[in-house]
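Okay, so here's the structure we're looking at.
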Amino acid sequence: MAKNASHPARTTRTRGRRSPLASVALLVIGLLASGGTYALFTSSATADTQTAISADLVDEGGKLFAANCASCHGLEGAGSDSGPSLIGVGAASVDFNVGTGRMPMAFQGPQGEVKPVQFTDEQIKAMAAWVAELAPGPAIPDEKYLTADLETNYVANGAELFRINCAMCHNVAGAGGALTEGKYAPNLSNIDPAHIYEAMVIGPQNMPVFNDLNLSPQDKADIVTYLKYLDNTPAPGGLELGSLGPVSEGLFVWIFALGAIVAITVWLTAKSN
């Protein structure tokens, strides 16, 4: 009887013992809970920090705009008799025009001239952020569209797109050309890739806008790649003559040939005498 009575107690102790798997499960749950809480806290803190930085950037841009641009574009960027409205032009327009020295303009003319840049990159980004807050508009392009890969077929596609959409004004080699009423298409050699992309997006001055329905972001990136290819590839024919095509080349040959004829005539005349 005593031996048989010991079995229920042993069974009770066995049922009350915690399984090793339960300890592991509790440990995993604890780690997940603490990790999730930390991640939530960290992401919230990062978001708050980025918001604070953005607000400071916009505030700094507003001060720079009021001091340097408001006399023409108005304190709220709505424009005046001296300058157009900037509402809706986006950060890309500011980065292009200020980043190339076209703005502020030195004087009113057919188009803004490229000049030495008057602001630092940080100041330009601050003003761009302030203008972008006025209304939605084209943003500064992503870096992935500005890295030219010269070893791919993007160069060929960019060359074809450039010939179709840009060469009639900028010349097939990007050398630029004259337009009407004192305007001109600028030379595109050694231009910052961001400014090339932004010009296609915003259509500055006489240039049309190429939105994503006309040229996709990758198409614009291919055009950038083609222009960088021209910058990095020497002319296979030797002297470029301004890359202005058959006019300058024909004029050079004509002048050279005419000079050669005159020189030979003078030499033969002198020899005969």
field: Rounded, prolate or oblate (a/c below 1.5 giving rounded, otherwise prolate when a/b exceeds b/c) for the range 81-135 by Cα gyration tensor
entry: oblate
Shape call, the range 81-220: gyration tensor on alpha carbons, a/c limit 1.5: oblate
- line: For GLY177, other-chain or 5+-apart residues with amide H closer than 5 Å (H placed, Pro excluded) are ALA185
field: Rounded to whole Å, sorted largest first: equivalent-ellipsoid semi-axes of the range 178-220, Cα gyration tensor
entry: 20, 14, 7
- prompt: Per-residue accessible area for GLU133 at 1.4 Å probe radius, Å² rounded to 10?
  reply: 130 Å²
statement: Neighbours of GLY101 by Cβ distance under 11 Å: Lys/Arg at +1, Asp/Glu at -1, summed charge +1
query: Counting only protein heavy atoms and using a 1.4 Å probe, what share of the accessible area of the range 44-193 belongs to carbon plus sulfur, as a whole percent?
result: 55 percent
- request: Would you mind working out the accessible area per residue for the range 84-240, using a 1.4 Å probe, and quoting it in Å²?
  value: 53 Å²
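The values are calculated or read from the model by the stated rules, or taken from the named source; none is laboratory data. Worth saying up front: this structure is predicted, and the values here are computed from it rather than measured. Using ideal geometry, Cβ is built from the backbone for each residue, glycine included, and neighbour counts are taken over all protein chains shown. Protein only, heavy atoms only, side chains kept; ligands, DNA and RNA dropped before computing areas. Shrake-Rupley method; radii C 1.70, N 1.55, O 1.52, S 1.80 Å.
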